[in-house]
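The values are calculated or read from the model by the stated rules, or taken from the named source; none is laboratory data. Only a predicted model underlies this, so the values are computations on that prediction, with no experimental measurement involved. Virtual Cβ from ideal backbone geometry, glycine too; neighbours counted across all protein chains shown. Accessible surface is based on the protein model in full, side chains and every heavy atom, while ligands, DNA and RNA are left aside. Shrake-Rupley method; radii C 1.70, N 1.55, O 1.52, S 1.80 Å.
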Amino acid sequence: MDKVRTDPWRGLVERSWRPAALLAACLAVWHLITATGLVEAYLVPSPAKTFGLLADKWSYLWGHTWVTTYETVLGFVIAGVLGVLVAVAMVYSRTVESTAYPILLFAQVIPKIAIAPLFVVWLGFGFEPKVVVAVLMAFFPVVISTVTGLKSVDTEMLELAATMGGGPVKTFVKIRFPAALPHLFAGLKVAVTLAVTGAVVGEFVGSNEGLGYVILQANGNMDTPMLFAGLIVISVVGVLLFLLLDLAEKLLLPWHASRRGAAVTTLLAKG
Amino acid sequence: MSATLEMAASVAIDDVSVRFRSKRAEVTAIQQVSLDVAPGEFVSIVGPSGCGKSTLLKLVSGLLKPSSGTVTLLGSEVRGPRHDIGFVFQRAALLEWRSARRNILLQAEMRGMNSAEAARRADELIEMTGLSGFENALPHELSGGMQQRVALCRALLHQPRVLLMDEPFGALDALTREQMNVELHRVWRETGTTVLLVTHSIAESVYLANRVIVLTQRPAVVHEVIEVDLPGVRDYTATMARPEFASATARIRDLLGAATGQE
Ligand SMILES: Nc1ncnc2c1ncn2[C@@H]1O[C@H](COP(=O)(O)OP(=O)(O)OP(=O)(O)O)[C@@H](O)[C@H]1O
Ligand SMILES: [Mg+2]
């Protein structure tokens, strides 16, 4: 079995130059739109002005970024743990599955922005309602992906386990859960981006700190550069959290990544 | 006399029927099949596709309950999944995140076997099946034949007295399959395990077995039992050339042709 081994840094450059070029192109278009006066400056600030503001107001933004990140991560972790537990219960018990599914679906379908004010009424203006909204947003993809993962286990593998006599706990720990991890990670990646949205939505509804609050304030003051800066920071937080999970997946599931990598290499070789 | 025979048998299938009930219809997969397998015997099972061969092995392992009749394994009636067997499926069914060696050791971990003892035994089996050098390879880095060898090692790790194999070499090319046959025959002679092998290859069924059970179309009943009169140590090419081999395979081919012809 010969593996295609590439220098990791060269691999990184190879993988990132296309998205980097696209990003640069977007910035260039943005710059052109504002520089040519196609759109009024108070509607869309120039990239120079936006990034200048980012640099100037860094310490102000940093504090709010920290608040939003904290709410997001806390919400994401709670959603992850709860989501996995609920999924396990659903997979192992028909009753739990048939009972929980409609409720889950119902909770998922309700627009979070519509119930967020309720949480403010119940929990006040602190970080709690934001975390709750983040949990609600992130929970569903975790449950669905974990259920799919746990059910995706080969029935023959489970039959084999039955002849080995390890009992349900060992079967879960050694076979079922590891087999579900690729699905779980896919769900977690979706969940973390939704958790960011959840935290910001929570801040929109009632808050005096966090990036959602920054954007709302900027909006009220017609301060579009600050609004853009806030948006950029939120996106960066989301992207960084996503990449962190991607890295964790690669470290925890090297077998999965390498298989996927092999498939990609073959595809590229064919194309 | 029959009582003593049953006491002695490793596997005793007694008047067993299996019916599957689905939404549309009731399917009788196996009808009143009886079969005794002596300790240390190698029995092949052949029959048309869908006749109930896999079902038969699942009955013996306790993964499936008979609708009527009883199955006795190593002196006790089969009531649920049995742990005193080794099972090899058509697909290797390996855990893709575990190396070849750790896939074999899964058997020991699930059973809570002594780990030093298990590791020693795993190394022995790896050596015996020619997997040396690939202990640490992940399943996707192994060829189909190697994966199947890993599955075989895993099934033998706990030294089961009965080994059940369901078309273990079905996915292999002809040459690898022959090599695996020779290896399996040697392993069987060395370990003295009782083996029940389901296969679609008539040559394989005769080369490996003491007896070949030919089943009919569904619902499966035992069509005929062919005694294979070949020497214990079987050189592959020489065995193929023997008249006993030719007559046994011809007879089975006839029976299977007739069994399919009835449809
Ligand atoms: N769980 C099940 N539910 C309903 N019918 C089943 C089930 N399992 C098997 N059958 C039916 O029982 C019959 C025998 O199945 P089995 O898998 O034992 O066949 P087989 O002899 O192993 O076939 P093959 O050689 O193709 O593997 C088939 O007709 C199949 O459709
Ligand atoms: Mg079958």
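Checking each residue in the range B:149-162 for being open to solvent by 10 Å² or more (accessible area, probe 1.4 Å) and either assigned to a helix (DSSP H, G or I) or over 10 Å from B:T191 (Cα atoms) (or both) picks out B:R149, B:H158. Is there a residue in the range B:18-27 that is at pLDDT 85 or above and buried (at least 23 other Cβ atoms within 10 Å of the Cβ)? Scanning the range B:18-27, I find at least one residue that is at pLDDT 85 or above and buried (at least 23 other Cβ atoms within 10 Å of the Cβ), so the answer is yes. For the range A:208-257, enumerate the residues that are small (G, A, S) and at positive phi. Hit for the range A:208-257 is A:G210, nothing else.
Residues that are within 14 Å of chain B (Cβ to nearest Cβ) and at pLDDT 90 or above number at least 2 in the following helices (runs of 4 or more DSSP H) confined to the range A:85-193: A:155-164, A:167-171. Taken together, the criteria exclude B:I226 from residues that are away from chain A (no Cβ under 14 Å), closer than 24 Å to B:I30 by Cα, among the hydrophobic types (A, V, I, L, M, F, W, C) and within 16 Å of ligand 1 (Cβ to nearest atom).
Restricting attention to the range B:34-84, the residues being within 14 Å of chain A (Cβ to nearest Cβ), out of contact with any Asp or Glu (no Cβ under 6 Å at 6 or more places or on another chain) and within 16 Å of ligand 2 (Cβ to nearest atom) number 6. Restricting attention to the range B:218-263, the residues that are assigned to a strand (DSSP E or B) and open to solvent by less than 10 Å² (accessible area, probe 1.4 Å) total 1. Determine whether the range B:46-64 contains at least one residue that is open to solvent by 50 Å² or more (accessible area, probe 1.4 Å), touching a Ser or Thr at 6+ places or on another chain (Cβ under 6 Å) and within 16 Å of ligand 1 (Cβ to nearest atom). There is no residue in the range B:46-64 that is open to solvent by 50 Å² or more (accessible area, probe 1.4 Å), touching a Ser or Thr at 6+ places or on another chain (Cβ under 6 Å) and within 16 Å of ligand 1 (Cβ to nearest atom).
Figure legend. Inter-residue proximity from the range A:35-64: first residues among the polar types (S, T, N, Q), second residues outside any loop (DSSP other than H, G, I, E, B) and surrounded by 12 or more Cβ atoms within 10 Å (Cβ to Cβ), beta-carbon distance below 6 Å, spacing 6+ or different chains. Indicated pairs: A:S46/A:T34; A:T50/A:P225; A:T50/A:F228; A:T50/A:A229. Of the candidates A:A41, A:A28, the single residue that is assigned to a helix (DSSP H, G or I) and not β-branched (V, I, T) is A:A28.
When B:L175, B:L215 are checked against the criterion of being surrounded by fewer than 20 Cβ atoms within 10 Å (Cβ to Cβ) and either away from chain A (no Cβ under 14 Å) or more than 16 Å from ligand 2 (Cβ to nearest atom) (or both), a single residue qualifies: B:L175.
Residues in the range B:36-45 that are open to solvent by less than 10 Å² (accessible area, probe 1.4 Å), of a type in the set (A, V, I, L, M) and more than 10 Å from ligand 1 (Cβ to nearest atom): B:V37, B:V43. Among the criteria (1) away from chain A (no Cβ under 11 Å); (2) within 19 Å of B:A155 (Cα to Cα); (3) open to solvent by less than 30 Å² (accessible area, probe 1.4 Å), the one B:E127 does not fulfil is (3).
State the number of residues belonging to the range B:114-142 that are outside any helix (DSSP H, G or I) and either within 16 Å of ligand 2 (Cβ to nearest atom) or free of Cβ contacts under 8 Å to residues at least 24 places away in the same chain (or both). Lay out the reasoning, then the answer.
Step one: filter the range B:114-142 for residues outside any helix (DSSP H, G or I), giving B:114, B:129-138, B:142.
Narrowing further to those that are either within 16 Å of ligand 2 (Cβ to nearest atom) or free of Cβ contacts under 8 Å to residues at least 24 places away in the same chain (or both): B:114, B:132-133.
Within the range B:114-142, residues that are outside any helix (DSSP H, G or I) and either within 16 Å of ligand 2 (Cβ to nearest atom) or free of Cβ contacts under 8 Å to residues at least 24 places away in the same chain (or both) number 3.
Criterion applied to B:H200, B:H185 was being away from every other protein chain (no Cβ under 14 Å), under 18 Å from B:L57 (Cβ atoms) and either within 16 Å of ligand 2 (Cβ to nearest atom) or under 15 Å from the mean Cα position of the chain (by Cα) (or both), and the one residue passing it is B:H200. Taking the range A:198-254 only, how many residues are open to solvent by 60 Å² or more (accessible area, probe 1.4 Å) and of a type outside the set (D, E, K, R)? Qualifying residue count for the region: 20. Scanning the range B:86-103 for residues that are within 11 Å of ligand 1 (Cβ to nearest atom), modelled with pLDDT under 90, open to solvent by 10 Å² or more (accessible area, probe 1.4 Å) and not small (G, A, S) turns up at least one hit.
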